[in-house]
Amino acid sequence: MTGSAHGKILLLGEHSVVYGHKAISLPISALNTTCTLKESDENTFDSALYTGHLNALPEALHPFKRLIEALQNHYQSGAFIHTLISTMPIGAGFGSSAAAATAIVRAYDATLGLNLSKETLFDWVQSFETMVHELPSGIDALTVIHDQGFVFSKSHKTPLNLTLGAYLVIADTKTRTPTKTSVAHVARHKTTPQFKTALSALGGIAIKGETAIAQKDLESLGSLMNQSMTWLREMALSTPSIEKLIATANAHGSIGTKLTGGGLGGCIIALCETRKDAQNIERALKDLHGAPTWIAKI
Ligand code: MEV
């Protein structure tokens with residue numbers, strides 16, 4: 001039996017959401033991960049990153065071993081061949097780790113007939129995310145599980161159905177830094193005046209973003225995305241490859257452009273009014289930088 005999950009991006013509020021501020025997330029249904037289980041005498045794990053016995057998983061993938069062993073103990077199941085297939089770039093800000101964990105738990109749910117609630121699924125995925133990086137806010141786990149976005153804080157989760165009639169171009173720098181590293185970088189500096197100011201400014205921007213979305217005010221939303229990028233730069237989360245893509249998107253008519261997710265690589269997002277505008281930006285990002293791109297209607 002198979003389980004699957006889609007990707008996510010953050011429109012506003014990455015990093016500050018870890019410290020209790022609001023953030024805004026969107027599901028990305030074009031990208032997904034599936035896990036198929038087949039009964040077997042022994043546990044194996046077949047993925048783009050590793051194929052072989054579950055017991056021999058490389059250290060970096062140990063959270064998968066711990067998740068699978070915990071599921072099998074808790075639900076008293078036998079061993080399986082686990083096959084993970086993903087169309088989602090790994091470590092690019094799409095929530096690939098949360099999506100993989102969701103796909104695995106859903107595959108157990110389907111195979112063992114568990115009928116898990118969304119809350120139980122979230123708990124499994126969030127405990128996996130805690131093994132992957134120590135301070136997950138929960139926004140990735142929540143957004144890959146549900147079919148709509150969220151205005152999210154640790155204390156309030158409000159579903160968000162975006163009907164702006166606008167478009168986001170998502171472009172991949174093809175450079176990677178694990179979320180664990182960027183989150184640890186912010187944690188190390190969070191008490192400095194520079195980071196304190198940046199984190200609270202990012203939280204304030206997400207609140208204004210919620211209003212801009214409610215008013216369908218694209219210009220304000222774009223300006224808030226640009227302001228958010230300024231604060232993310234202030235926290236040294238940008239890189240030359242991010243800046244190159246942002247400059248190209250801005251030179252080709254983006255209303256607002258920023259990194260999305262942990263930063264230090266990964267993806268940027270650019271806001272546009274029409275599909276034609278989005279396609280112009282997409283062409284420039286592909287022609288000038290060879291960037292993989294996606295367009296999402298929001
Ligand atoms: C990662 O998609 C978003 C971060 O804010 C981490 C988190 O919220 O868990 C960087």
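Any read-out appearing in this document is the output of simple, stated calculations on the displayed coordinates, not a laboratory observation. Quick caveat, the model's predicted, so the values are computed rather than measured. Note: ideal-geometry Cβ built from the backbone for every residue, glycine included; neighbour counts use all protein chains shown.
Charges on Cβ only, +1 for Lys and Arg, -1 for Asp and Glu, centred on the Cα centroid of the chain; of Gly265, Asn161, Gln227, which one is farthest towards the dipole's positive end?
Result: Gln227.
Return the subset of Lys180/Lys286; Lys22/Lys244; Lys157/Lys258; Lys180/Lys208; Lys8/Lys190; Lys180/Lys276 for which the Cα-Cα distance in this structure is over 31 Å, preserving the input order.
Lys180/Lys276
Once R0 is set to 51 Å, what does the formula 1/(1 + (r/R0)^6) return for the Cβ-Cβ distance between Ala184 and Gln215, expressed as a FRET efficiency to the nearest 0.05?
Using R0 = 51 Å, I get an efficiency of 0.90.
Please check: in the Gaussian network model of the chain (C-alpha springs, under 10 Å), which one of Leu162, Leu245, Leu11 has the largest mean-square fluctuation.
Greatest mean-square fluctuation among the candidates belongs to Leu162.
Under unit Cβ charges (Lys, Arg +1; Asp, Glu -1), what dipole magnitude, rounded to 20 debye, does the chain have relative to its Cα centre?
Value, rounded to 20: 700 debye.
Please identify the longest segment of the chain free of exposed GluC sites (Glu not before Pro), where exposed means a DSSP state other than H, G, I, E or B and no more than 15 other Cβ atoms within 10 Å.
With GluC sites (Glu not before Pro) excluded where exposed in loops, the chain gives 135-298 as its longest stretch.
Restricting to the range 1-137, what percent of DSSP beta bridges are antiparallel, rounded to 5?
Around 85 percent of the beta bridges assigned by DSSP in the range 1-137 are antiparallel ones.
Considering amide H positions built from the backbone, and no H for Pro or chain starts, which residues 5 or more places from Gly7, or on another chain, come under 5 Å of its amide H?
It is Ile28, Leu31, by chain and number.
Could you derive backbone 3J(HN,Hα) for the range 187-202 from the dihedral phi with the Karplus parameters 6.51, -1.76 and 1.60 (θ = phi - 60°), listing whole Hz in sequence and x where the residue is Gly or Pro?
With the stated coefficients, the range 187-202 comes to 4, 5, 10, 4, 8, 6, x, 4, 6, 4, 4, 4, 5, 6, 5, 5 Hz.
So how much slack lies between Thr230 and His74, counting 0.36 nm per residue of separation and subtracting their Cα-Cα distance, in nm?
Working it through step by step, the gained length comes to 51.6 nm.
Report the trypsin sites (Lys or Arg not before Pro) located in the range 192-256 that are in a DSSP loop and have at most 14 other Cβ atoms inside 10 Å of their Cβ, or state none.
In loop regions of the range 192-256 (DSSP not H, G, I, E or B), the sparsely surrounded trypsin sites (Lys or Arg not before Pro) are Lys216.
May I ask for the net charge around Ala184, where only other residues with Cβ less than 12 Å from the Cβ of Ala184 are counted and Lys, Arg are +1 while Asp, Glu are -1?
Here the charged neighbours net out to +2.
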